[in-house]
Amino acid sequence: MSSLMTNVSAMTALKSLQQTNSALETTQSRIATGFRVAEASDNAAYWSIATTMRSDNKALGTVQDALGLGAAKVDVAYTGVNSAIDVVDEIKSKLVAAREPGVDKAKIQSEITQLQSQLTSIGNSSSFNGENWISVDSSATGYSATESMVAGFTRDAAGAVSVSTIDVNKANTALFDASASADGILEQDITLASGTTTVATISISATTTDADIEAMISGVDTAIQSMTTAASDLGSAKSRIDLQNNFVGNLMDAVDRGIGQLVDADMSAESTKLNALQVQQQLGIQAMSIANGNSQSILSLFR
């Protein structure tokens, strides 16, 4: 039946064209943004997951920054301890030389005094961003022997988040401690027949006995062993920080890839779909034109 009031062909063509235009709009949006899930309305579940994981990835980026800061602190402390070991080795050598009969102990002491001053300089200079791990004051307000560095950010199955840390015990790395109730490695007592001394305050003279010099050598050697242990601890911490930093970087890349699998558009597929939809749109317009033209043919019946 031919009808002026109800053009079924035009209505069908219009519906098809509207669907094509809607699909074309979606495809163009995906190509423009690069996402097939750009908003919650596209896919609420995937959008929620992607948004949460992007937030976590930002937190991991901050963890990387914190690891870099922690690595710098450890590296400065390690450099200070390692340099101090070299200086204390020199003090040990001077004491061994002082054990030789007939040497000028006053001149040797002059050299030892300069080396002790160098130790103090190393302790005071080994600071990064205002933090010094080898010259400390354990009596200061807020002092903590344990230095914690942010190392990780995790989210469990229940959605609870937590931050993990790498800890370094400054009590084992301190060469100097300004507290009256605690001693750094270089301030620990060396017992002599004539009293006590420390690596930082060793003093010899013409009257210093061979027994005292040997006790000093033994005490200095003990300090070197303690400093070597401290350097090893710092080196282990630095190695762990480097490994964690690499892991966090790889983890961030993996999370980015996972997010991409959920929400990124396949540009090759979308490009192919765009071409097909553009052809469909043109055909739909032609179909609309033909359907609307059918009404004109009815006029010929009344001529």
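The values are calculated or read from the model by the stated rules, or taken from the named source; none is laboratory data. All values derive from a computational prediction rather than experimental measurement. Cβ: placed from backbone, ideal geometry, glycine included. Neighbour counts: every protein chain shown.
Checking each residue in region 207-231 for being surrounded by fewer than 13 Cβ atoms within 10 Å (Cβ to Cβ) and free of Cβ contacts under 8 Å to residues at least 60 places away in the same chain picks out T207, T209, A211, Q225.
Of everything in region 63-103 that is among the acidic types (D, E) and free of Cβ contacts under 8 Å to residues at least 24 places away in the same chain, the residue that is farthest from V248 (Cα to Cα) is E100. Look at (1) exposed (fewer than 12 other Cβ atoms within 10 Å of the Cβ); (2) more than 37 Å from the chain's Cα centre (by Cα) and you find that M288 fails only one, number (1). Residues that are assigned to a loop (DSSP other than H, G, I, E, B) and more than 27 Å from A211 (Cβ to Cβ) are absent from region 79-97 altogether.
Taking the conditions exactly as written (without any contact (Cβ under 8 Å) to a residue 60 or more places away in the chain and farther than 30 Å from T154 by Cβ), does L277 satisfy them or not? Criteria not met by L277.
In region 137-152, which residues are assigned to a strand (DSSP E or B), crowded, with 16+ Cβ neighbours inside 10 Å and either free of Cβ contacts under 8 Å to residues at least 40 places away in the same chain or touching a Ser or Thr at 6+ places or on another chain (Cβ under 8 Å) (or both)?
M149, V150, A151, G152
Which one of A50, A106 is farther than 24 Å from N275 by Cα, touching a residue at least 40 places away in the same chain (Cβ under 8 Å) and surrounded by 15 or more Cβ atoms within 10 Å (Cβ to Cβ)? So the residue among A50, A106 that is farther than 24 Å from N275 by Cα, touching a residue at least 40 places away in the same chain (Cβ under 8 Å) and surrounded by 15 or more Cβ atoms within 10 Å (Cβ to Cβ) is A50.
When we screen S125, S117 for residues that are in contact (Cβ under 8 Å) with a residue 12 or more places away in the chain and of a type in the set (S, T, N, Q), the only hit is S125.
Is it the case that region 103-112 has a residue that's in a helix (DSSP H, G or I) and within 16 Å of G184 (Cβ to Cβ)?
no
Test G235 against the criterion of being out of contact with any Gly (no Cβ under 9 Å at 6 or more places or on another chain), at pLDDT below 85 and surrounded by 15 or more Cβ atoms within 10 Å (Cβ to Cβ), and give yes or no. So G235 does not fit the description; no.
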